[in-house]
1. Can we say His80 is in contact with a Pro (Cβ under 9 Å, 6 or more places away or on another chain) and either without any contact (Cβ under 8 Å) to a residue 24 or more places away in the chain or assigned to a strand (DSSP E or B) (or both)?
2. Report, by residue number, each residue of the range 116-145 that is surrounded by fewer than 11 Cβ atoms within 10 Å (Cβ to Cβ) and either touching a Ser or Thr at 6+ places or on another chain (Cβ under 8 Å) or at pLDDT below 95 (or both).
3. Out of all the residues in the range 81-98, is one or more modelled with pLDDT under 95 and within 19 Å of Val142 (Cβ to Cβ)?
4. Can you confirm whether Ala21 is over 21 Å from Ile123 (Cα atoms), among the aliphatic types (A, V, I, L, M) and touching a strand residue (DSSP E or B) at 6+ places or on another chain (Cβ under 9 Å)?
5. Within the range 44-55, how many residues are among the β-branched types (Val, Ile, Thr) and modelled with pLDDT of 95 or more?
6. Scan the range 12-36 for residues that are assigned to a loop (DSSP other than H, G, I, E, B), surrounded by fewer than 19 Cβ atoms within 10 Å (Cβ to Cβ) and in contact (Cβ under 8 Å) with a residue 60 or more places away in the chain and report the count.
7. So in the range 84-115, with the set limited to residues that are outside any strand (DSSP E or B) and buried (at least 18 other Cβ atoms within 10 Å of the Cβ), which one is farthest from the chain's Cα centre (by Cα)?
8. Where the second residue is of a type in the set (Phe, Trp, Tyr) and outside any helix (DSSP H, G or I) and the first is in contact (Cβ under 8 Å) with a residue 60 or more places away in the chain and lies in the range 126-145, which pairs have Cβ atoms under 7 Å and are six or more apart or on separate chains?
Amino acid sequence: MRIAQTFSVNRPPETVFDYVADPSRLADWQTSKTSVEQLTEGIPGLGTRFRERTKSPRGKEFEQITEFAEFDRPSRLRVHVVDGPQPIDGTWVFEPHPDEGTRVHFVAEGELRGPLRILEPIIKIVIARQFAAYHRILRRNVESR
């Protein structure tokens with residue numbers, strides 16, 4: 001499964017990258033997150049791991065361990081699911097844009113497991129809508145800071 005989205009944020013790439021890469025802000029824009037806990041010590045960077053608890057659209061909560069598999073400030077961030085029920089990784093690429101501040105390209109990729117594979121076309125639509133909503137919130141939050 002692959003989902004690609006592009007959107008703009010009227011702030012510099014460094015500001016947008018720092019917001020997306022800040023685990024303490026993740027639940028502020030990915031509203032399905034019920035908690036996020038950094039598992040590795042120090043400032044977030046390449047290899048930093050997190051425990052995320054997420055409430056699915058069906059209302060069931062699940063847990064996953066994620067890590068920053070790419071961390072190239074301010075241009076690229078990839079979050080890899082190390083352990084969890086549905087390993088869908090997310091990559092954000094941040095490009096400066098003279099009229100819009102930052103153009104953000106997002107790709108979610110992964111394979112659904114078990115019986116969910118049959119429902120992939122429907123799940124892809126649901127996840128795409130969910131990330132579009134997350135990105136609207138992200139834009140609003142960053143631009144209002």
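1. Values: in contact with a Pro (Cβ under 9 Å, 6 or more places away or on another chain): yes; either without any contact (Cβ under 8 Å) to a residue 24 or more places away in the chain or assigned to a strand (DSSP E or B) (or both): yes.
So His80 fits the description; yes.
2. Of the residues in the range 116-145, the ones surrounded by fewer than 11 Cβ atoms within 10 Å (Cβ to Cβ) are 118, 121-122, 144-145.
Those that are surrounded by fewer than 11 Cβ atoms within 10 Å (Cβ to Cβ) and either touching a Ser or Thr at 6+ places or on another chain (Cβ under 8 Å) or at pLDDT below 95 (or both): Ile118, Pro121, Ile122, Arg145.
3. Among the residues of the range 81-98, at least one is modelled with pLDDT under 95 and within 19 Å of Val142 (Cβ to Cβ), which makes the answer yes.
4. On the way: over 21 Å from Ile123 (Cα atoms): yes; among the aliphatic types (A, V, I, L, M): yes; touching a strand residue (DSSP E or B) at 6+ places or on another chain (Cβ under 9 Å): yes.
So Ala21 passes the test.
5. Of the residues in the range 44-55, the ones among the β-branched types (Val, Ile, Thr) are 48, 54.
Narrowing the set further to residues that are modelled with pLDDT of 95 or more leaves 48.
Number of matching residues: 1.
6. Within the range 12-36, the first condition is being assigned to a loop (DSSP other than H, G, I, E, B), and the residues that meet it are 12, 21-22, 30-32.
Among the residues that remain, those that are also surrounded by fewer than 19 Cβ atoms within 10 Å (Cβ to Cβ) are: 12, 22, 31-32.
Next cut, in contact (Cβ under 8 Å) with a residue 60 or more places away in the chain only: 12, 31-32.
Residues meeting the conditions: 3.
7. Filtering the range 84-115 for residues outside any strand (DSSP E or B) gives 84-87, 98-100, 111-115.
Next, only the ones that are buried (at least 18 other Cβ atoms within 10 Å of the Cβ) stay: 86, 112.
Values: Gln86: 14, Leu112: 17 Å.
Ranking the candidates gives Leu112 first.
8. Matching pairs, first to second residue: Phe131/Phe106; His135/Phe7; His135/Phe106; Arg139/Phe7.
The values are calculated or read from the model by the stated rules, or taken from the named source; none is laboratory data. Because the structure is a prediction, the values reported are computed rather than measured. Neighbour counts are summed over all protein chains in view; Cβ atoms, including those assigned to glycine, are modelled from backbone coordinates with ideal geometry.
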